[in-house]
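Here is the structure we will look at.
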Amino acid sequence: MTYCVGLLLDAGVITLSDTRTNAGVDNISTFGKTFVVETSGERAMVLTTAGNLAVTQAVWNLVQEGVAIDGITQNLSQVPNMFRAAQLVGAAVRQVFAADGPTLRAQGLGFDVSILLGGQIGTQPPRLFLIYAAGNFIEATVETPFLQIGEHKYGKPILDRVLSPATPLDDGITLALISMDSTLRSNLTVGLPVDLTVIRRDALAVSLRRRIDETDPYFAFLRQRWSESLREAYRALPRPDWLG
């Protein structure tokens, strides 16, 4: 299991993903699940992946090499817009399914993959998509400015309550880290380190890439302070007046 979250803000795109892979209690490894496509001054995109590691790596290789859509072969460095980029990733997912799906089924395994794709191309606005195992996708909106894949339920409440498109980038980073910390505390299949990527609006370059582990001073402070704040808020709440 994994947890990845993407935020689509007026100020840009933020993604955060864990790095744990779990093939049994005695086979836990660390693999990066964040991939970047960048042509400075032209485009910047980030993909985060969840699911079968072999499938996600195959998809990543295909979108770098090129995938045919409507008879035209392109890669993520060539597509004209983010919608086409999402179509390309979806087509790559379907191509991997056509090649590996029957074999996986024969082994009793599902075709498990989901991908967050965010970024900006040229003067078009930043966009954020979630691509499913069928190759179809949805897009983040003003009403829903974040998307999640993997073990998402623990990290969702803080984003539902606080996040909006107007949230500044630095606040968005803090909220993404709190969302991840909530998941880390509640699910052992999600683990440190985590990979943070920020694409600032109109920068057309990756503004920040950072791998964060338990030694990161800010993350350690944030985890402790958030726990303390929750306890303080709980203690400050009045008890039900119907208890008698």
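The values are calculated or read from the model by the stated rules, or taken from the named source; none is laboratory data. None of the values given here were measured: they were computed from a predicted structure. Cβ sites come from the backbone with ideal geometry, for glycine too, and all protein chains shown count toward neighbours.
Filter region 181-204 for residues that are farther than 18 Å from Pro168 by Cα and among the small types (Gly, Ala, Ser); which is surrounded by the fewest Cβ atoms within 10 Å (Cβ to Cβ)?
Ranking the qualifying residues of region 181-204, first place goes to Ser186.
Quick check on this structure: which one of Leu188, Leu192, Leu204 is out of contact with any helix residue (DSSP H, G or I) (no Cβ under 8 Å at 6 or more places or on another chain), farther than 17 Å from Leu9 by Cβ and not hydroxyl-bearing (Ser, Thr, Tyr)? Even if it seems obvious, please write down each step before you answer.
Details: Leu192 fails: out of contact with any helix residue (DSSP H, G or I) (no Cβ under 8 Å at 6 or more places or on another chain); Leu204 fails: farther than 17 Å from Leu9 by Cβ.
Result of the check over Leu188, Leu192, Leu204: Leu188.
Looking at Ser229, is it in a helix (DSSP H, G or I), closer than 22 Å to Thr2 by Cα and of a type in the set (S, T, N, Q)?
No.
Specify which of the listed residues (Val63, Val13) is touching a Gly at 6+ places or on another chain (Cβ under 6 Å) and buried (at least 24 other Cβ atoms within 10 Å of the Cβ).
On the way: Val63 fails: touching a Gly at 6+ places or on another chain (Cβ under 6 Å).
None of the other options fit; the residue is Val13.
So Leu117 passes all but one of these: (1) part of a strand (DSSP E or B); (2) modelled with pLDDT under 95. Which condition number does it fail?
Status for Leu117: all satisfied but (2).
If only one of Tyr154, Tyr234 is out of contact with any helix residue (DSSP H, G or I) (no Cβ under 8 Å at 6 or more places or on another chain), among the aromatic types (Phe, Trp, Tyr) and either more than 20 Å from Phe31 (Cα to Cα) or surrounded by 15 or more Cβ atoms within 10 Å (Cβ to Cβ) (or both), which one is it? If you could, list the steps in order and put the result at the bottom.
Numbers: Tyr154 fails: out of contact with any helix residue (DSSP H, G or I) (no Cβ under 8 Å at 6 or more places or on another chain).
Result: Tyr234 is the single residue among Tyr154, Tyr234 that is out of contact with any helix residue (DSSP H, G or I) (no Cβ under 8 Å at 6 or more places or on another chain), among the aromatic types (Phe, Trp, Tyr) and either more than 20 Å from Phe31 (Cα to Cα) or surrounded by 15 or more Cβ atoms within 10 Å (Cβ to Cβ) (or both).
So which pairs qualify, if the first residue must be in region 62-84 and on the phi > 0 side of the Ramachandran plot, the second must be surrounded by 14 or more Cβ atoms within 10 Å (Cβ to Cβ), the Cβ gap must be under 9 Å, and the two must be at least 6 apart or on different chains?
Pairs found: Gly66/Gln74; Gly66/Asn75; Gly66/Gln78; Gly66/Leu88.
Please state which of the following conditions Thr189 fails to meet, knowing it meets all the rest: (1) in contact with a strand residue (DSSP E or B) (Cβ under 9 Å, 6 or more places away or on another chain); (2) assigned to a helix (DSSP H, G or I); (3) not hydrophobic (A, V, I, L, M, F, W, C).
Here Thr189 clears every test but (2).
Kindly indicate the residue of region 68-92 that is in contact with a strand residue (DSSP E or B) (Cβ under 7 Å, 6 or more places away or on another chain) and farther than 24 Å from Thr123 by Cα and also surrounded by the fewest Cβ atoms within 10 Å (Cβ to Cβ) among those meeting that condition.
Looking at residues that are in contact with a strand residue (DSSP E or B) (Cβ under 7 Å, 6 or more places away or on another chain) and farther than 24 Å from Thr123 by Cα, I get Ala91.
When you scan region 155-202, how many residues do you find that are free of Cβ contacts under 8 Å to residues at least 40 places away in the same chain and either within 15 Å of the chain's Cα centre (by Cα) or farther than 16 Å from Tyr3 by Cβ (or both)? Quick ask: steps written out before the conclusion?
Filtering region 155-202 down to residues free of Cβ contacts under 8 Å to residues at least 40 places away in the same chain leaves 156-158, 160-162, 164, 170-171, 182, 185-186, 188.
Applying the additional criterion that residues be either within 15 Å of the chain's Cα centre (by Cα) or farther than 16 Å from Tyr3 by Cβ (or both) yields 156, 161-162, 164, 170-171.
Qualifying residue count for the region: 6.
Select from region 155-169 the residues that are closer than 21 Å to Leu184 by Cβ and outside any loop (DSSP other than H, G, I, E, B) and list them in ascending order.
Those that are closer than 21 Å to Leu184 by Cβ and outside any loop (DSSP other than H, G, I, E, B): Lys156, Pro157, Ile158, Leu159, Asp160, Arg161, Val162.
So which residues in region 131-147 are surrounded by fewer than 22 Cβ atoms within 10 Å (Cβ to Cβ) and under 17 Å from Thr49 (Cα atoms), if there are any at all? Don't jump to the end; show me each part of the working.
Taking region 131-147 and keeping what is surrounded by fewer than 22 Cβ atoms within 10 Å (Cβ to Cβ), we get 132-139, 141-145.
Residues satisfying the conditions are Tyr132, Ala133, Ala134, Gly135, Asn136, Phe137, Ile138, Glu139.
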